[in-house]
Amino acid sequence: MFTRSNDSSRSLCSLLLLSLLLLGAGCAEQLPECSAEVASCEPTGGAALAAAPALAPRAAPLEAEGEPAAPASAPGPAPSTGLGPEAAPAPEPPPAVERGASGGLSLRRLALALGVEAREPIDVGTRFDPESERIYAFLDLRNRSDEAQAVQVVFRGPGGRGAGFVQLEIPPSTPRFRTWAFTRHARVEGEWEAIVRTEDGEVIGRAPFRIEG
C-alpha cells in the first residue's frame, strides 16, 4: 500500500516537472520573436509606438533669405493707365502753314529756318530764340504765267509790329523756283508770322512762329 502511494507521488512529480520544462521552453521560444519585431526593450505599448514610421518634418516654404513671405491674399498692382501724375504732356501740334495761288503763281512750300544750305532750309522750326542771328522764310514757288511775277515777304510780330519787308521776283513759266527772305530783327518775345503776298496784296501764304527765351 505504501509502495504504490510513493510510485504515484513520483509520477505526479515527474508530470509537474515535465510541464514546467515545457512551459519554460515555450517562453524561451517567444523571446527572440519579440526582440526581432521591436528594436527596443520597451513594453508592448511602447513597442507598438516605436514600430510606427516616424513622421517626416514639415518642409519650410521656400522664401528669399531675409525677406518675409508675401501674404497669399495680397492684391496685385493696379493696371497702368499711362496717365500718371508724371506723364509727359502731349506735344503741341505745329502751327498750320497756309499756301495758296494767284494769277498762275502758286506757293508750293513755306518753311521757317535758321539757315539755308544747298538751296534747302536747315534747322527748320516754329520756335526761335530772341538771340537768333537770322530767321529765314524759305519759299518754293511755281509761276505758270508768261510774265515774271513778284512776291513780298513780311515778318510781323506782337501787336502787328513789322520786322522786315522783302520783295522776290519769280521768272515766267517756271515750274519750280526756290528762294528765301530773312530778318535780323525778330527779337521781341511772343507770337510772330511770316506772310507771303502778291504785288496786289493778296496773301498766298502764312507761317506762324514764336520767339521765346
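The values are calculated or read from the model by the stated rules, or taken from the named source; none is laboratory data. Just so we're clear, the structure is a prediction, and the values are computed from it rather than from any experiment. We place every Cβ from the backbone using ideal geometry, glycine too, and count neighbours over all the protein chains shown.
Below is a table of values for the structure above.
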{"read-out": "Which numbered condition VAL151 fails, given (1) of a type outside the set (S, T, N, Q); (2) under 48 Å from the mean Cα position of the chain (by Cα); (3) closer than 20 Å to GLY104 by Cα", "value": "(2)"}
{"read-out": "Subset of region 106-123 [in contact (Cβ under 8 Å) with a residue 60 or more places away in the chain and either under 15 Å from PHE182 (Cβ atoms) or within 37 Å of the chain's Cα centre (by Cα) (or both)]", "value": "LEU110, ALA111, LEU112, VAL116"}
{"read-out": "Filtered residue count, region 169-193, keeping only those that are touching a residue at least 40 places away in the same chain (Cβ under 8 Å), surrounded by 17 or more Cβ atoms within 10 Å (Cβ to Cβ) and part of a strand (DSSP E or B)", "value": "6"}
{"read-out": "Scope region 194-208; condition buried (at least 21 other Cβ atoms within 10 Å of the Cβ) and touching a Ser or Thr at 6+ places or on another chain (Cβ under 7 Å); matching residues", "value": "ILE204"}
{"read-out": "The lone exception for ASP129 - which of (1) under 43 Å from the mean Cα position of the chain (by Cα); (2) closer than 24 Å to ALA101 by Cα; (3) surrounded by 13 or more Cβ atoms within 10 Å (Cβ to Cβ) it fails", "value": "(2)"}
{"read-out": "Options ARG187, ARG161, ARG142: the member that is modelled with pLDDT of 95 or more and of a type outside the set (A, V, I, L, M)", "value": "ARG142"}
